[in-house]
Amino acid sequence: MLRWRLEGAVMIDSIIRSIDNIPAFPATIQRVVELLSNDDYAVDDLVNVIKFDQAVTANILKISNSAYFGVRQKIRTIHDAVIYLGQQQLIRAVQTAGISKFFKKGSGGYANKAKSLWEHSVAVGLMSQIFSRKLLLREDPVLYTSALLHDVGKIIMGEYVHESFEQIISRVMNQKCSFLEAEEAVLGINHAELGGRIAARWNFPMEIRDAIAFHHRPDLLMAASNNHAWLVYLSDQACLMYGIDGGIDALAYHGLEEVMRYFNLRTIDLEKSFITLHDELAIAKEFIDIM
């Protein structure tokens, strides 16, 4: 027992230290999200932030000139692109461009390809906005950030899951526990908590940290907390139900009933959200293929 505890402590320490290998989150994206959270944002303020980031600038110009938008005259400046894309498309373009690089290293034991985890993350981000429009009557760029990055802990945790795969699956199958609970029992920490720690390292606001850290268990948050964690949980579960999963743990979580009741949603609401998601994923694929 003592040996097991010592090995567990070493494992946790190794996982936590791995956070230092995650590069700093781009300040450009954080500032753009902050500006776009205000409906009265100034175009010049956005341009002055974006123009100094070559990667984001290049991707925004690629997207705004893509066949999807069917622009008649070539867009050559960030100022024109910001105006042309508008608030909703711009925030998705900036975040998708900036965040995708964190998923390129793969997800280890969670999925055979990094692409699987990335596509799931994008789908959950889009679904969060579909539900936000339904429940809050508006889009929420901060919620989109939380949803897009909800599984960021899997980037680090993947290699450790791979090494302990048989133990984790054995617990899921034999003890009827969730994958999250099995992770914690075998590795000493779960991917959601680890993701919250990564968000803290990136100096994200508490609402994003909590939404990531509790995206499987929003019920553990204080009642006074914001709804971001619940909305990310709802979006994640909906995407799993729709068939867009993030890897081997997809079927080892609780269902939608609790969160559907929490938001007073009906089955018809969920079905409509799937139709909208199908259309928005087509647009997202255009963005991702361009980048």
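Structure above, values below:
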| item | result |
| --- | --- |
| Restricting the stretch 1-35 to residues that are open to solvent by 90 Å² or more (accessible area, probe 1.4 Å) and under 27 Å from residue 151 (Cα atoms), the residue that is modelled with the highest pLDDT | 31 |
| Residue ID - modelled with the lowest pLDDT, chosen from residues in the stretch 260-285 that are among the acidic types (Asp, Glu) and either open to solvent by 50 Å² or more (accessible area, probe 1.4 Å) or more than 20 Å from residue 134 (Cα to Cα) (or both) | 279 |
| Only one of 188, 195 that is surrounded by fewer than 23 Cβ atoms within 10 Å (Cβ to Cβ) and of a type outside the set (Lys, Arg) | 188 |
| Matching residues, the stretch 36-65, being open to solvent by 20 Å² or more (accessible area, probe 1.4 Å) and in contact with a Ser or Thr (Cβ under 7 Å, 6 or more places away or on another chain) | 49, 51, 53 |
| Number of positions in the stretch 173-193 that are assigned to a helix (DSSP H, G or I) and over 15 Å from the mean Cα position of the chain (by Cα) | 11 |
| Count of the stretch 194-232 residues which are assigned to a helix (DSSP H, G or I) and under 18 Å from residue 143 (Cα atoms) | 21 |
| Complete set of residues in the stretch 36-84 that are modelled with pLDDT of 90 or more and of a type in the set (S, T, N, Q) | 48, 77 |
| Matching residues, the stretch 120-163, being open to solvent by 10 Å² or more (accessible area, probe 1.4 Å) and either over 15 Å from the mean Cα position of the chain (by Cα) or farther than 19 Å from residue 209 by Cα (or both) | 130, 133, 134, 135, 136, 137, 138, 139, 159, 160, 162, 163 |
| Filtered residues of the stretch 229-259 (kept if among the hydrophobic types (A, V, I, L, M, F, W, C) and modelled with pLDDT of 90 or more) | 229, 230, 231, 232, 234, 238, 239 |
| Of residues in the stretch 45-58 being over 13 Å from residue 90 (Cα atoms) and touching a residue at least 24 places away in the same chain (Cβ under 8 Å), the one nearest to the chain's Cα centre (by Cα) | 55 |
| Test for residue 193: is it among the acidic types (Asp, Glu) and at pLDDT below 90 | no |
| Of the criteria (1) out of contact with any Lys or Arg (no Cβ under 9 Å at 6 or more places or on another chain); (2) open to solvent by less than 10 Å² (accessible area, probe 1.4 Å); (3) closer than 19 Å to residue 36 by Cβ, which one residue 168 fails | (3) |
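The values are calculated or read from the model by the stated rules, or taken from the named source; none is laboratory data. The shown structure was predicted, so the numbers you read here are calculated from the model rather than taken from an experiment. We place every Cβ from the backbone using ideal geometry, glycine too, and count neighbours over all the protein chains shown. For accessibility, only protein heavy atoms count, side chains too; no ligands or nucleic acids. Shrake-Rupley method; radii C 1.70, N 1.55, O 1.52, S 1.80 Å.
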